[in-house]
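Here the structure comes first, spelled out in structure tokens, and everything after it is commentary.
Just so you know, all these numbers are worked out from the coordinates, no wet-lab data involved. Everything numeric in this text was worked out from a predicted model, so none of it was measured. Note that we place each Cβ from the backbone using ideal geometry, even for glycine, and neighbour counts take in every protein chain shown.
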Amino acid sequence: MIIESILTTLDALGTANFAPMGVEWGEREIVIKPFVETTTFHNLRDTGAAVVNLTDDVMLFARGAISTARFPTLPAAVVPGVVLEAACSWREVEVRSLDATPPRARIVTAVAHQGFRREFLGFNRARHAVLEAAILATRTHLLPAGQIRDEFARLQVIVDKTAGPREREAMALLTEYVRTAPAGRPEPAPR
């Protein structure tokens with residue numbers, strides 16, 4: 001099963017990278033599949049550690065999808081890494097095996113520590129819609145503009161019906177990003 005998370009990794013100098021990413025979830029093992037040209041892949045390869053942050057704040061997914069975002073963090077307990085302050089819970093993981101076959105690596109990690117801050121409220125329909133919009137925003141270089149606009153219009157209806165202020169703000173951010181996307185816009189910076 002794929003669980004949407006904000007993956008945090010550190011580079012060799014200790015600079016944090018934040019990447020919205022679906023991971024293959026397991027209680028003891030989590031599989032991470034970043035593209036091999038991304039900062040996430042390089043950091044995992046070089047440091048052997050990450051933190052898989054679970055959050056119900058879709059603004060983090062929206063900002064992370066379209067920019068090199070920075071978010072408040074705390075030090076991880078066991079691995080060299082950082083935990084999002086906005087995380088409901090997290091898993092600190094260590095790399096056990098790494099297959100760097102392009103285009104996507106397959107990195108098997110072992111859970112070294114679990115943390116919990118608050119209950120995960122889940123994703124209502126609006127939060128799901130914003131997650132889908134964030135994924136679409138990363139594909140402006142792959143999909144026809146009309147297809148993206150049509151899908152955003154469908155998702156906007158869901159947001160209008162079920163969103164709170166944070167979801168509306170996240171959707172507006174993504175809508176503006178997609179609205180101004182020139183044809184053939186390059187992929188957002190690798191995370």
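Things worth noting here:
- Gaussian network model of the chain, Cα within-10 Å springs - most flexible of L13, L174, L44: L13
- Three semi-axes describe the equivalent ellipsoid of region 125-179; taken as square roots of 5 times the Cα gyration tensor eigenvalues and ordered largest first, they are 18, 10, 9 Å.
- The long axis of helix 165-179 is offset from the longest Cα principal axis of the chain by roughly 70 degrees.
- Principal axis dimensions, largest first and in whole angstrom, of region 5-105 by Cα: 32, 29, 29
- For the chain, the dipole from Cβ point charges (+1 on Lys and Arg, -1 on Asp and Glu) about the Cα centre works out to 280 debye, to the nearest 20.
- Loop sites in region 1-61: GluC sites (Glu not before Pro), DSSP, at most 16 other Cβ within 10 Å: E27, E37
- At most 12 other Cβ within 10 Å, DSSP loop - trypsin sites (Lys or Arg not before Pro), region 5-64: R28
- To the nearest ten degrees, helix 145-162 and the longest principal axis of the Cα atoms of the chain are 90 degrees apart.
- Rg/Rh (Cα only; Kirkwood hydrodynamic radius) as it applies to region 81-124: 1.11
- Projected label points at R70 and Q147, each 7 Å from Cα along the beta carbon direction, are separated by 3.6 nanometres.
- Only Cα sites of the chain enter the Debye sum here, all with the same form factor; the resulting log10 I(q)/I(0) across q = 0.20 1/Å is -1.39, listed in q order.
- Only helices enter this figure: runs of n ≥ 4 DSSP H residues, each worth -39500 (n - 2.57), summed and divided by the residues of the chain, yield -10500 deg cm²/dmol at 222 nm to the nearest 500.
- Computed Kirkwood radius, in angstrom, where 1/r is averaged over Cα pairs of region 60-162: 16.5
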